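Okay, so here's the structure we're looking at.
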């Protein structure tokens with residue numbers, strides 16, 4: 001950790017561009033009282049990675065220097081990933097902002113770890129099975145990885161990314177201005193762009209009080225069509241059960257890779273014991289579920 005003059009810190013285009021001035025003011029007051037407890041992070045050329053609010057607070061106090069951690073990372077994707085993770089972990093983000101962060105994090109993550117992309121994803125070519133290169137770190141699929149990091153369900157991650165990627169700009173603005181809840185935002189995100197615009201106009205111009213009211217009126221007027229509903233038995237399931245099913249599907253995809261991988265005898269024995277125990281638990285669960293079906 002070193003002290004760097006604040007006027008030497010380079011601010012380049014950042015993923016999170018807005019600055020919360022009230023947060024800066026409160027941070028400035030705290031820094032005056034107890035000092036800067038958490039240094040900002042910069043690259044070796046003094047470009048800011050994260051800590052924008054702390055930097056602005058120090059400037060507001062008139063301080064000439066700031067405590068910095070200097071990263072040795074040179075990969076721009078990993079530097080951006082560090083900025084996004086800092087925002088996700090340390091900031092109380094609106095679900096729309098969090099979704100935008102998650103969507104960009106997914107892009108970066110899959111560029112860094114293409115082996116985590118589902119094998120049936122269009123355009124994905126998996127060339128890792130035939131590679132002689134030994135990969136010491138086996139990353140998890142993106143949704144599982146980030147859900148564990150944020151301590152949320154995988155469904156939450158998927159929904160927030162869907163909102164961020166699918167909502168048209170006018171609807172994103174309305175979400176913030178009207179403080180629209182996430183459940184309603186998901187409903188709109190699943191509509192085509194032209195229907196989303198009709199919802200925006202119904203609220204802004206015609207005075208519909210809520211998203212649900214706007215959608216209901218538009219359907220009654222025949223201006224948007226009821227989306228075709230597929231009979232998905234998982235729709236009404238509790239979130240924890242859906243997560244279990246998602247984990248089972250992941251295991252199902254990974255088993256062919258596992259049995260086709262050259263591994264040591266020690267690792268093979270360990271996996272055999274673990275999978276055998278898992279198999280016994282699954283047999284017991286299947287037996288219980290089968291009995292419930294037959295009663």
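Between residue 278 and residue 61, the contour length at 0.36 nm per residue exceeds the alpha carbon distance by 72.3 nm.
Residues within the reach of a label modelled at residue 151 (point 7 angstrom out along Cα to beta-carbon, backbone nitrogen below 14 Å), restricted to segment 51-91, are 89-91. You can think of it this way: the chain between residue 210 and residue 90 has 40.1 nm of extra reach, that is 0.36 nm per residue less the Cα-Cα gap.
Panel order for 65, 221, by other beta carbons found within 10 Å of each beta carbon, from fewest to most: 221, 65. Between residue 73 and residue 271, the contour length at 0.36 nm per residue exceeds the alpha carbon distance by 67.8 nm. Working from label points 7 Å from Cα in the Cα-to-Cβ sense, the residue 201 to residue 3 distance is 6.1 nm.
Quick note: the coordinates plus some simple rules give every number you see, no bench work behind them. None of these values were measured; they are calculated from a predicted model. Positions of Cβ are backbone-derived with ideal geometry, glycine not excepted, and every protein chain shown enters the neighbour counts.
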